[in-house]
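Engineer: Input: one structure, supplied below.
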Amino acid sequence: MLEARDLTVVHGGTAVVDRVSLALPEGPYGLGLIGASGSGKTTVARCLSGLMTPTHGTVLFRGADVSGMRRSGAYRRAVQIVVQDTEGALDPRMRVGTAIAEVLRAHRMVPRGTERERVAELLADVGLSAEHAARHPHQLSGGQRQRAAIARALAVRPRFLVLDEPTNALDTTVQARILGLLNTLRTEHRLSLLLISHDLAVVAQLCRYVVVLHHGRVVEEGPLTAVLREPRHPATRSLRDAVPRLSP
Ligand SMILES: Nc1ncnc2c1ncn2[C@@H]1O[C@H](COP(=O)(O)OP(=O)(O)O)[C@@H](O)[C@H]1O
Ligand SMILES: [Mg+2]
């Protein structure tokens, strides 16, 4: 279990995340975190992944407060974050294969000298071929770059993947393929996913349960079908109405 308890993050005197609690059970599982731009989704994602320390509240990994873990060891590997392509998930100066091999070495994931084989396996897992290992990020399409970023996250055999608008910059066809890939990977690797999006249609493809953020607060949560049928908060209603084909 990966859990956020009463997370609060204050910037310039304002709580941009305000007492947010949510829990991700062991996988395979998918939880959707939705909210308009600026509602605090990325801040929650960064706290859960150990990239940021909340002002108040705790992140618990398998029952233990991660603030005492200095982002090391089991927690650091178990929880990986994938950000949207436009935010430069991959280092532009590094070949894709080198970037993944570096992660394998840093975490001693495979015996020395076998990194190349493992990189090829990881690329195959995400639908890329071994030849993509020699390319730089700018030599890949947006969809291929996002696949490579997912392969790099998988290199440390995570249990939890925090996906922060992973298909935001992609057109709908490519978006659907990436979501299909994530669905397959979830089953194969028994992953627990936190899928973050402002788009309910994206979340609906992978998650049965959703949490709605509005101005840093959880304003609604529950099974996706119930939230769609009877949204209780105006913020949820406007997220739903933005996706007409999901409306009842
Ligand atoms: N480092 C920061 N300093 C000041 N304000 C920030 C910082 N990071 C985020 N914010 C503010 O916090 C709010 C939530 O941001 P964010 O978590 O990125 O929302 P979302 O991902 O839902 O768009 C926004 O109003 C944003 O401007
Ligand atoms: Mg964001």
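The values are calculated or read from the model by the stated rules, or taken from the named source; none is laboratory data. Not measured: the values here are computed from a predicted model. Every residue, glycine among them, receives a Cβ derived from its backbone with ideal geometry; neighbour counts consider all protein chains shown. Only protein heavy atoms, including side chains, enter the accessible area calculation; ligands, DNA and RNA are left aside. Shrake-Rupley method; radii C 1.70, N 1.55, O 1.52, S 1.80 Å.
Engineer: Within the group 187, 172, which residue is touching a residue at least 40 places away in the same chain (Cβ under 8 Å), more than 23 Å from residue 98 (Cα to Cα), more than 16 Å from ligand 2 (Cβ to nearest atom) and more than 15 Å from the chain's Cα centre (by Cα)?
Structural biologist: Details: 172 fails: touching a residue at least 40 places away in the same chain (Cβ under 8 Å).
The unique qualifying residue is 187.
Engineer: If you don't mind, another one. Give just the number: which of (1) surrounded by 13 or more Cβ atoms within 10 Å (Cβ to Cβ); (2) part of a loop (DSSP other than H, G, I, E, B); (3) within 14 Å of ligand 1 (Cβ to nearest atom) does residue 109 not satisfy?
Structural biologist: So residue 109 meets the others, but not (3).
Engineer: Looking at segment 36-50, which of its residues are more than 13 Å from residue 18 (Cβ to Cβ), open to solvent by less than 20 Å² (accessible area, probe 1.4 Å), in contact (Cβ under 8 Å) with a residue 60 or more places away in the chain and more than 8 Å from ligand 2 (Cβ to nearest atom)?
Structural biologist: If the condition is that a residue be more than 13 Å from residue 18 (Cβ to Cβ), open to solvent by less than 20 Å² (accessible area, probe 1.4 Å), in contact (Cβ under 8 Å) with a residue 60 or more places away in the chain and more than 8 Å from ligand 2 (Cβ to nearest atom), then 48, 49 are the ones that fit.
Engineer: Here's something else I'd like to know. When the residues of segment 118-159 are filtered to those that are open to solvent by 30 Å² or more (accessible area, probe 1.4 Å) and aliphatic (A, V, I, L, M), which remaining residue is nearest to residue 82 (Cα to Cα)?
Structural biologist: My answer is 124.
Engineer: Here are the criteria: (1) within 22 Å of residue 2 (Cβ to Cβ); (2) open to solvent by 60 Å² or more (accessible area, probe 1.4 Å). Tell me which single one residue 173 does not satisfy.
Structural biologist: (1)
Engineer: In this structure, is residue 171 charged (D, E, K, R), within 16 Å of ligand 1 (Cβ to nearest atom) and modelled with pLDDT under 95?
Structural biologist: no
Engineer: How many residues does segment 23-72 hold that are basic (Lys, Arg) and at pLDDT 95 or above?
Structural biologist: Qualifying residue count for the region: 2.
Engineer: Working carefully through the options 195, 239, 163, 200, find the one that is within 16 Å of ligand 1 (Cβ to nearest atom), touching a Lys or Arg at 6+ places or on another chain (Cβ under 7 Å) and within 29 Å of residue 11 (Cβ to Cβ).
Structural biologist: 200
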